[in-house]
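Working notes, structure below.
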């Protein structure tokens with residue numbers, strides 16, 4: 001079984017997606033499997049959004065209807081268990097309430113714009129595949145809610161308290177503040193625009209992308225909190241701007257994205273991997289979501305002639321480093337470890353890292369074979 005097939009098999013059969021009689025969790029994707037505790041800490045809306053798109057990508061690739069059926073029950077979990085009547089999507093359903101982080105728990109109804117945007121993209125992708133109006137209706141409701149979180153300068157508030165109706169930033173970490181990473185929200189908004197021809201969604205996407213490039217430094221990096229560049233949101237910025245290029249070629253968003261990829265690859269470690277963050281010096285921690293994100297966008301850009309093929313050796317090393325994090329032991333063979341924090345390997349098999357990793361390996365395979373790489377279902 002190839003690394004790609006193993007990852008797809010893990011997504012379908014490992015239990016990372018809940019298949020349960022309990023409607024509170026059925027269809028939702030868990031965050032990760034903790035190999036030490038032998039448990040899944042929580043079901044995660046953002047990752048269920050990624051999960052829907054991943055399953056649709058695998059359905060398009062294999063024509064196996066099981067992937068499509070799984071995407072549908074994931075969307076059902078979103079609409080029945082995670083989504084407010086306003087279109088806001090709650091964040092995490094914790095199994096053990098004593099371990100719940102109140103900032104993320106369903107119970108406290110703190111909504112994240114980014115997470116909601118990833119659910120939006122999954123939902124509208126499901127409509128595009130099935131043409132079922134219920135998925136379009138849900139996507140429009142989510143998109144309209146997101147527009148209420150967008151500020152006049154084009155950026156989004158990161159958080160929304162559904163109890164009070166207040167949108168705000170906490171500003172204590174990159175994911176709790178406004179930032180260029182919100183450009184990835186534009187993917188779902190643009191897909192809704194295509195489905196509805198309602199220009200308010202296209203306008204919103206254009207505004208966030210224009211606002212995002214303002215935080216890009218002259219060397220190509222996107223600044224996160226305190227002028228540090230965290231390569232995970234840096235890569236989200238690249239993804240959103242690259243996708244938006246198909247709709248706004250006159251804004252040259254692709255130039256910004258290419259400069260950001262070029263900067264990331266210039267910081268490649270001797271291991272073949274990439275640092276988690278950069279603040280004047282490079283740290284030695286690595287995360288597989290970052291490795292996969294940079295690999296898939298770089299291969300796409302080369303295939304589209306946006307980026308020089310001079311990076312082919314960099315990409316081979318990056319692909320090989322990513323594969324070193326793929327688990328080979330049952331019952332979670334095929335999934336990807338998260339990576340390192342504070343020099344310590346995190347001993348869990350991670351859902352979104354596996355989804356990103358799978359797609360990155362497919363993109364790399366197509367790059368080597370000189371085949372067309374499409375980002376219509378970018379996870």
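All of the numbers you see were taken from the coordinates with simple rules; none came from a lab. This is a predicted model, so every value here is computed, not measured. Methodologically, a virtual Cβ is constructed for each residue, glycine included, from the backbone with ideal geometry; neighbour enumeration extends over all protein chains shown.
Side notes on the structure shown:
- For region 343-379 versus region 181-249, the gap between their alpha-carbon centres in whole angstrom: 20
- Given (1) 50, 49, 40; (2) 66, 47, 38; (3) 71, 52, 43, the label whose value is Cα extents along the principal axes in Å derived from this model: (1)
- Rg followed by Dmax, in Å, when region 245-299 is reduced to its Cα trace: 12.9, 38
- Alpha-carbon geometry of region 117-257: the Rg and the Dmax are 14.8, 45 Å, given in that order.
- Inter-centroid distance (Cα atoms) of region 277-321 relative to region 98-164, Å: 29
- Packing-based ranking, highest mean first, of 286-293, 26-33 given that Cβ atoms within 10 Å are counted: 286-293, 26-33
- CD proxy at 222 nm, helix term only [per DSSP H run n ≥ 4: -39500 (n - 2.57); per residue of the chain; nearest 500]: -15000 deg cm²/dmol
- Working ranking of peptides 85-91, 154-160, 111-117 by packing, defined as the average number of other Cβ atoms within 10 Å per residue, highest first, is 111-117, 154-160, 85-91.
- For the chain: relative contact order, % (alpha-carbon pairs under 8 angstrom, 6 or more apart): 16
- Packing-based order for 49-55, 185-191, 226-232, 251-257, using average beta carbon neighbours within 10 Å, highest first: 49-55, 185-191, 251-257, 226-232
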